[in-house]
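In what follows, a single structure is set out as structure tokens and then discussed.
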Amino acid sequence: MSTIILDKNTFLTFTRHTIYAASRRDSRPEIAGALIKAREKELMMIATDGHRMAIIGKHWQALASQTPTEIFVPLWILEEARKVLNQTKDNAEVQIEETDFAVCINLREKIKNFCDAKVKKPFPNWQYVTTSYQPHTIAIVERKMLIETLRNVRANCSILAARKGVRIKIESQVTLEMLNNKASLPSKTSSGLGECLVDVFYLKQALQALSPAKEIALSFSESGKVVMLRAENEMHLIAGMEH
């Protein structure tokens, strides 16, 4: 049996920044949740739906008995555990367990258990995605201003127009375009020129999930087909739409 024990705040923080990107399709159970990786001094959580990916990690002081462990937890279990933890002021301990047949989250102080059958199909090779990503165009922008700029270009666009995506351009400044709507924000530093067309909904969710850092790194892959938003100990990748 594999076990990972987290405190309440760590569990809530990690899930808040990642599970929005998890698949909600029953046909893909291996990505309908999040992978939790625990090592002696590192904790990570990864979620993806095949079009986007959210990763958060931090240095932590694991229990002396903690061995390197990976556990995939179904989305519904993570969401139910979040509901219970958000309703209590107690610093409940979250125990995540995996056997050969099942995955469970036990909330000790609340005496709540959530279990499901273990997903046999492996989680995708997320490390390949992150290591193969080579940022070609990079800009450092204020997260709050990027959110406001996206809101401005979406203001007068219909749902049909939004489905066509938002085009992000990095030059001496960062520009967002949707149909005839265009808005720009300053870039503290920028390297290279490039653009990428991305899903508006995916971009909005990634920005909302980011830690409230003042500045974030916005970058494109060399092909312009992947956008990365990065701040502190987390990264959010979004696959670009067809031009």
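Structure above, values below:
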{"read-out": "Qualifying residue in the stretch 108-122 (condition: in contact with a Leu (Cβ under 7 Å, 6 or more places away or on another chain) and crowded, with 16+ Cβ neighbours inside 10 Å)", "value": "no"}
{"read-out": "Options 217, 206, 213: the member that is part of a loop (DSSP other than H, G, I, E, B) and of a type outside the set (Lys, Arg)", "value": "213"}
{"read-out": "Whichever residue in the stretch 230-243 is crowded, with 16+ Cβ neighbours inside 10 Å and over 21 Å from residue 12 (Cβ atoms) and, among such residues, is nearest to the chain's Cα centre (by Cα)", "value": "237"}
{"read-out": "Selected residue [among the hydroxyl-bearing types (Ser, Thr, Tyr), buried (at least 21 other Cβ atoms within 10 Å of the Cβ) and over 15 Å from the mean Cα position of the chain (by Cα)] from 223, 191, 219, 172", "value": "219"}
{"read-out": "First in the stretch 171-200 and acidic (Asp, Glu) and at pLDDT 90 or above, second anywhere and outside any strand (DSSP E or B) and exposed (fewer than 14 other Cβ atoms within 10 Å of the Cβ), Cβ under 9 Å, 6 or more apart", "value": "199/163"}
{"read-out": "Answer from 145, 53 - the residue that is under 30 Å from residue 223 (Cα atoms) and in contact with a helix residue (DSSP H, G or I) (Cβ under 9 Å, 6 or more places away or on another chain)", "value": "53"}
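The values are calculated or read from the model by the stated rules, or taken from the named source; none is laboratory data. All figures in this text were calculated on a predicted structure; none of them were measured in a lab. Using ideal geometry, Cβ is built from the backbone for each residue, glycine included, and neighbour counts are taken over all protein chains shown.
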